[in-house]
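The values are calculated or read from the model by the stated rules, or taken from the named source; none is laboratory data. The structure presented is a predicted model; accordingly, all values stated were derived computationally and were not measured. Cβ: placed from backbone, ideal geometry, glycine included. Neighbour counts: every protein chain shown. Side chains included, ligands, DNA and RNA excluded: accessible areas come from the protein's heavy atoms. Shrake-Rupley method; radii C 1.70, N 1.55, O 1.52, S 1.80 Å.
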Amino acid sequence: MKYQAPEIERKWQKVWEERGLHTTDLNSKKTKYYALVMFPYPSGDKLHIGHWYNYAPTDSFARYMRMRGMNVLEPMGFDSFGLPAENYAIKHGVHPKKSIAHNIATMEQQLKATGAMYDWSKEVVTSSPEYYKWTQWMFLQLYKRDLAYRKQAPVNWCPSCQTVLANEQVQDGTCDRCHSQVTKRDLTQWFFSIRQYGDRLLEFGGLQWPEKTKLMQQNWIGRSEGAQIDFELEADKDNEIRGTGEKVTVFTTRIDTLFGCTYVVLAPEHPLAQKVATKKHRTEVQEYLESTRRKNDIERSSEEREKTGVFTGGFAVNPVNGEKVPVWVADYVLASYGTGAVMAVPAHDERDFAFAKKYKLPIRTVIKPRVGIAKEGEPFTENGLLLDSGEFTDLSSEEARMEIVKFLEEQKKARFTVSYKLRDWLISRQRYWGAPIPIIICPKCGDVPVPEKDLPVILPDDVDFEPKGDGKSPLASCPEFVKTRCPKCKGPANREVDTMDTFMCSSWYFLRYVDPQNDKAAFDPKMVKKWLPIDLYVGGPEHACMHLLYARFFTKVLYDAKLIPFDEPFTRLVHQGMITKDGAKMSKSKGNVVSPDSFVTQYGSDVFRMYLMFMGPFTEGGDWNDRGITGIARFVDRMWTLINALHAEKDSPELVRELHQTIKKVTEQIEVFHFNTAIASMMELLNATTQSGMSLKSKKLFVQVLAPFAPHLAEEAWEKLGAEFSIFETTWPKFDYKLLQSATFELVVQINGKVRAKIPAEVGITKEEAIEAALSQPGVQTQLKGKKRLKEIFVPDKLLNMVVGE
RNA sequence: GCCCAGGUGGUGGAAUGGCAGACACGUACGACUCAAAAUCGUAUGCCGCAAGGCGUGAGGGUUCAAGUCCCUCCCUGGGCACCA
């Protein structure tokens with residue numbers, strides 16, 4: 001009798017829904033377990049293999065936790081604002097509101113067909129006014145805490161998406177959505193001060209996160225300890241510095257090399273770059289500043305490109321020895337990092353060295369290796385001992401870094417500081433499909449936040465949302481939206497027309513799931529206290545330095561505002577791997593997309609999900625292969641045959657041992673997301689029953705263990721075996737250590753580390769007995785002929801290694 | 001360039017320092033069948049008729065014993081990239 005997957009799956013999905021099996025009672029006294037997957041954005045209208053690969057195994061884990069007695073919450077929702085949804089709408093000539101409603105409806109049906117136990121009563125859709133009202137409220141909380149500010153700055157601009165991008169959304173100088181080259185624009189934009197949280201975001205105490213992800217965030221935050229040093233600018237009758245007492249502050253991590261500084265470099269955007277230029281050099285400097293402004297990031301940071309720069313004519317004074325050094329402007333110095341100015345030490349820095357060589361600037365060695373000598377013709381960039389450095393000579397780099405700063409600190413010419421690569425989070429977007437920024441710009445009062453009682457600031461429907469290439473938000477062309485009154489002075493004012501980065505929506509959605517219908521608050525603090533932080537969060541590693549960082553930032557801000565009692569949102573984080581086709585990422589443009597639908601129709605969702613889990617370790621992903629799925633299909637059919645076969649009277653001790661080994665293995669492997677080996681052990685157990693069959697009692701245990709992996713099959717089998725609905729309300733089987741023990745084992749006999757015999761032996765035999773047994777083996781005897789026995793290594797109940805020599 | 005992760009049969013992959021290749025795909029042969037498919041059974045790392053030998057990217061080392069630990073190098077994937 002073949003297992004009829006489609007019918008049976010439909011049957012149980014209906015029963016589960018009717019009986020409300022997947023509706024989590026948030027007020028239950030049972031221990032809570034919050035299992036969450038990163039919610040999808042409904043930009044296409046279908047679930048692809050990546051969704052399945054992410055969601056199905058996570059659901060299996062959640063089902064397992066449920067059987068472990070936890071009150072599991074597994075919610076689902078849609079991240080429906082943003083560029084992908086908007087671009088889809090533009091392409092299909094539909095209003096995004098319509099297209100996402102359609103796509104969500106389709107995806108909901110497909111998600112239900114996976115058989116996952118999502119609690120749809122807690123669904124969240126971020127583009128609904130009921131939701132984005134609170135996203136805007138979040139903005140106001142940050143604003144209140146002085147963590148949101150508007151500033152004119154050079155920002156990343158994607159000419160194709162017609163919007164600015166956060167630093168995190170630029171990859172290799174291109175837009176992470178459309179891969180167009182990103183250019184720079186000077187715009188006034190809203191930022192969040194995530195940099196202020198740099199140090200706290202570096203802490204991962206107690207979090208079960210992949211080391212790799214923590215490292216990626218640490219590298220992205222890029223904390224460096226160093227010092228700022230002030231170089232006074234030499235007054236020159238020819239420049240604008242004269243009489244102003246201006247100074248250049250540089251940032252360095254290598255204060256120990258200060259005596260080797262032979263020039264100072266300003267970034268082209270540095271405010272002093274023009275001022276310091278003398279009359280003679282002014283034209284040249286101006287031209288250089290112009291030319292760098294025209295270049296994009298790629299051109300500016302290209303490795304092959306030679307460094308360029310110009311001498312300003314100005315000089316700065318090295319505070320440690322009063323030496324006058326020339327001031328240059330060069331675009332190898334970044335305006336956005338440190339102070340936008342550096343002291344150049346060509347002898348001990350690769351970049352300064354290359355620049356000094358090109359422009360024939362002096363190179364002065366002030367650090368020597370502790371042992372040996374430095375290589376000729378290249379900079380020595382490691383720590384060492386100081387040379388020709390006045391009273392600091394002979395100190396180690398480490399000591400000198402402390403001493404020199406202390407010395408200059410007394411004269412107020414230096415101080416210890418910390419720099420971060422992390423930049424503040426730019427959240428303004430010049431696009432239509434997002435939550436409007438709740439700010440009113442009043443000609444009298446300036447930026448005024450929209451009062452909380454006036455939220456949400458509704459995104460108008462009737463707007464020509466297609467970008468017109470003027471770099472302005474489409475909302476700017478909607479006077480009904482723009483024209484408003486200032487909440488303070490009641491005079492006429494304009495609304496901010498930019499919308500918020502979608503990452504704002506996803507930075508707090510996990511709080512909303514536990515109280516999704518609340519129209520008085522973003523969430524009920526009692527519910528959040530009970531249900532968060534999230535026990536398990538599963539999603540792709542590509543979010544390491546975006547969503548995951550932003551969500552941590554938001555959580556810390558809400559914690560500081562005493563709105564929530566925890567400051568880390570995700571206790572355990574797991575990344576799924578990527579499914580490829582012929583080694584390549586699946587994409588519509590490559591035409592190598594594998595659709596789950598036909599496989600689900602043919603084999604059922606149980607088989608499909610189990611195959612995805614069986615392919616390899618969950619975190620590794622893998623290459624899709626049509627053929628392998630038959631292995632799982634056979635397993636399911638044979639399982640079904642076993643269920644329906646006559647129950648054996650009694651199981652052999654070996655089969656009982658095998659059963660308990662399987663329970664143990666599956667339990668252990670599921671905990672660490674090694675679903676592939678868990679399934680393999682169930683296959684072994686099934687293989688062991690082909691001759692003997694299985695007793696009813698054992699079958700039930702077997703089916704329970706299988707349940708998280710093949711929920712429909714298990715529920716049907718549970719019924720077939722005469723047990724009461726639902727298998728998911730039963731308790732996960734325990735394995736019995738006593739039953740795992742065997743009276744005999746196979747003694748492995750090695751000679752000089754090579755296996756020469758395997759002897760059945762009784763558990764607990766002594767070394768002497770083992771040697772005796774080994775010597776009786778003909779194979780061992782041949783190997784020992786003419787050799788001297790030197791010693792034996794005996795591993796009880798496992799192995800005997802005989803070491804022999806001539 | 002820097003920082004991670006990884007390299008195991010024809011394929012996906014498995015192995016707390018203790019039998020390399022579990023489990024599965026594929027392949028071959030057999031059973032069933034008029035036949036095919038499906039199913040079931042047997043075999044399947046490589047060389048060799050065999051005894052045996054060789055095998056976890058390469059080369060060294062530690063150890064009674066190394067896929068696993070250490071060193072050097074090569075390759076693949078991911079992240080960062082003029083961050084001073």
Go through A:705-712, A:793-800, A:122-129 and give me the packing order, highest mean Cβ count within 10 Å leading.
-> A:705-712, A:122-129, A:793-800
SASA check, A:Ser180, accessible area w/ 1.4 Å probe, all protein chains in place, rounded to nearest 10 Å², comes out at 30 Å²
Projected onto the charge dipole of segment A:308-374 (+1 at Lys/Arg Cβ, -1 at Asp/Glu Cβ, origin at the Cα centre), which of A:Val310, A:Trp328, A:Tyr359 gives the Cα projection farthest towards the positive end?
-> A:Tyr359
Measure nothing fancy, just the Cα-based angle from helix A:49-67's long axis to the longest principal axis of chain A, in degrees from 0 to 90, nearest 10.
-> 60 degrees
What are the lysines whose alpha-carbon lies under 30 Å from the alpha-carbon of A:Lys358, with same-chain residues fewer than 8 places away excluded?
-> A:Lys184, A:Lys237, A:Lys247, A:Lys275, A:Lys279, A:Lys280, A:Lys295, A:Lys307, A:Lys324, A:Lys368, A:Lys375, A:Lys421
Could you tally the net charge around A:Gly115, taking each other residue with its Cβ under 13 Å from the Cβ of A:Gly115, Lys/Arg +1 and Asp/Glu -1?
-> -1
Accessible surface of A:His48 in the full protein assembly, 1.4 angstrom probe, to the nearest 10 Å²?
-> 90 Å²
Kindly express, to the nearest 10 degrees and within the range 0 to 90, the angle between helix A:397-410's C-alpha long axis and the longest C-alpha principal axis of chain A.
-> 40 degrees
Amide H neighbours of A:Ala316 at under 5 Å, excluding residues fewer than 5 places away on the same chain, with H built from the backbone geometry, are A:Glu234, A:Val325, A:Val327
Solvent exposure of chain A as accessible area per residue, Å², 1.4 Å probe = 46 Å²
Each residue of segment A:759-771 in order: what ³J(HN,Hα) in whole Hz does its phi give by Karplus 6.51 cos²θ - 1.76 cosθ + 1.60, θ = phi - 60°, with x for Gly and Pro?
-> 10, x, 9, 8, 4, x, 5, 7, 4, 5, 4, 5, 4
Probe 1.4 Å, all protein chains present, accessible-area order of A:Met802, A:Met683, A:Met216, largest first = A:Met216, A:Met683, A:Met802
Could you work out the local net charge near A:Arg145, counting Lys and Arg as +1, Asp and Glu as -1, over the other residues with Cβ closer than 13 Å to its Cβ?
-> +1
Roughly to the nearest percent, how much of the accessible area of chain A is carbon and sulfur, given a 1.4 Å probe?
-> 50 percent
Note down the accessible area of A:Thr257, probe 1.4 Å, to the nearest 10 Å².
-> 0 Å²
Interchain or long-range residues, amide H under 5 Å from A:Phe78's placed H = A:Val124, A:Val125, A:Thr126
Calculate how steeply helix A:96-113 sits against the longest principal axis of the alpha-carbon atoms of chain A, using the helix alpha-carbon long axis, and give the answer as 0 to 90 degrees to the nearest 10.
-> 30 degrees
Indicate the gyration tensor shape class of segment A:53-173 (rounded, prolate or oblate), computed on the Cα atoms with a ≥ b ≥ c the square roots of the eigenvalues: a/c under 1.5 is rounded; otherwise a/b larger than b/c is prolate and the rest oblate.
-> prolate
Would you calculate, for chain A, the mean residue ellipticity at 222 nm contributed by helices, counting each DSSP H stretch of 4 or more residues as -39,500 (n - 2.57) and dividing by all residues, to the nearest 500?
-> -10500 deg cm²/dmol
Heavy-atom SASA rank of A:Asp454, A:Asp186, A:Asp535 (probe 1.4 Å, accessible area, largest first) | A:Asp186, A:Asp454, A:Asp535
For segment A:334-395 and segment A:197-224, what is the separation of their Cα centres, given in Å?
-> 30 Å
Determine the order of A:Thr689, A:Thr766, A:Thr174, A:Thr731 by accessible area, beginning with the largest, at a probe radius of 1.4 Å.
-> A:Thr731, A:Thr766, A:Thr174, A:Thr689
How much net charge surrounds A:Lys758 when only other residues with a Cβ under 14 Å from its Cβ are counted (Lys, Arg +1; Asp, Glu -1)?
-> +1
